[in-house]
Amino acid sequence: MSLATPWKDVTFVAFDTETSGAFPVGFEIVEMGAVKWKNGQILDRFQALIKPSVPMGEEVIKIHGITNEMVADAPPLSEVLPKFMEFLGDAVIIAHHAPFDLGFLVYDLERAGLKVPTTPALCSSLLARRMITESENHRLQTLVKVLNLGENTAHRALDDAESCQRLSEIIFARVGADATLAEITNKMAKRVVWSDYTLLNSGQENLKTLVEAVRSKKDVDFVYGGGSNKGLTRRMTPIGVVRNPDGDFVQAICHIDRASKRFYVGRMTDLQIVY
């Protein structure tokens with residue numbers, strides 16, 4: 001698809017996930033919702049609950065309201081994911097805080113051996129920061145109220161996807177009725193590309209090591225080029241690995257002070273999994 005295409009001629013899929021935790025390695029998608037649309041016309045919808053491999057904790061259930069009983073008879077992700085990718089087709093995906101949703105989606109595509117798309121991707125949160133200046137913050141539910149986008153059930157995938165779709169229409173119109181996909185993409189001011197969220201096929205040894213450590217529940221020794229213990233070998237228990245436009249990072253428990261910290265992958269050297 002050419003970025004020179006006017007947005008009114010582009011098919012989009014507004015997309016949202018609900019998950020069992022904050023990070024794609026170690027946690028799972030438990031609901032997917034999406035709305036396919038073009039120039040204001042809804043073409044189709046997608047919604048599916050997904051049974052995770054392990055029960056969800058009460059803390060995350062309080063966030064999205066999806067209980068273990070609700071997903072007890074739901075299909076596994078291995079059945080849902082190919083259906084969603086067929087639904088997506090060659091449409092341009094857009095999500096609110098897209099790096100979060102793409103992080104989970106791309107990791108699961110890699111694990112399933114499915115192709116990671118090369119089509120453009122958009123983040124309505126990044127776009128809203130530039131184009132919805134009257135809002136005090138750019139959380140989806142705040143924008144829904146500020147722009148009078150209608151009632152929905154927050155933190156359920158299809159409802160949030162529908163809010164994202166309505167928000168995107170307003171943003172695109174503000175960029176310009178005849179604006180191209182390139183002009184809209186440039187308004188994000190940050191790069192959002194499917195391939196930037198690969199974890200298993202990134203070609204980066206540090207990421208590969210961290211993913212393996214999270215999956216095997218092992219500690220990692222490493223040297224960090226920042227903080228109060230710069231240059232010293234330290235140990236951590238990694239909780240999750242995140243690809244991020246502002247810098248890939250691992251969230252981990254630092255063994256020096258037993259606190260949860262964010263370590264940027266680009267500052268880490270000499271990583272060794274502790275067996």
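Read-outs: derived from the displayed coordinates by stated rules, not from any lab. Just so we're clear, the structure is a prediction, and the values are computed from it rather than from any experiment. Cβ atoms come from the backbone with ideal geometry, glycine included; neighbour counts cover every protein chain shown.
Miscellaneous remarks
- Loop-located trypsin sites (Lys or Arg not before Pro) in the stretch 138-190 (DSSP state not H, G, I, E or B) with no more than 15 neighbouring Cβ atoms inside 10 Å: Arg139, Lys190.
- Under 16 Å from the Cα of Lys51 - aspartates and glutamates, other chains or at least 8 residues apart: Glu18, Glu28, Glu31, Glu69, Asp73, Glu79, Asp108
- Between Lys83 and Thr119, the distance separating the two model label sites (each 7 Å from Cα on the Cα→Cβ line) works out to 1.9 nm.
- Working from label points 7 Å from Cα in the Cα-to-Cβ sense, the Asp44 to Glu205 distance is 4.4 nm.
- Cα→Cβ-extended label distance, 7 Å offset, between Arg234 and Asp221, nm: 1.6 nm
- Residue ranges 232-240, 90-98 sort as 90-98, 232-240 when ordered by packing (mean number of other C-beta atoms within 10 Å per residue, highest first).
- Exposed loop sites are taken as GluC sites (Glu not before Pro) in a DSSP loop (any state but H, G, I, E or B) with at most 12 other beta carbon atoms within 10 Å; the longest stretch of the chain without one runs 152-275.
- Tilt relative to the chain, helix 98-112 - C-alpha long axis, 0 to 90 degrees, to 10: 70 degrees
- Using only alpha-carbon positions in the chain, the gyration tensor eigenvalues give semi-axes of 33, 22, 18 Å once each is multiplied by 5 and square-rooted (largest first).
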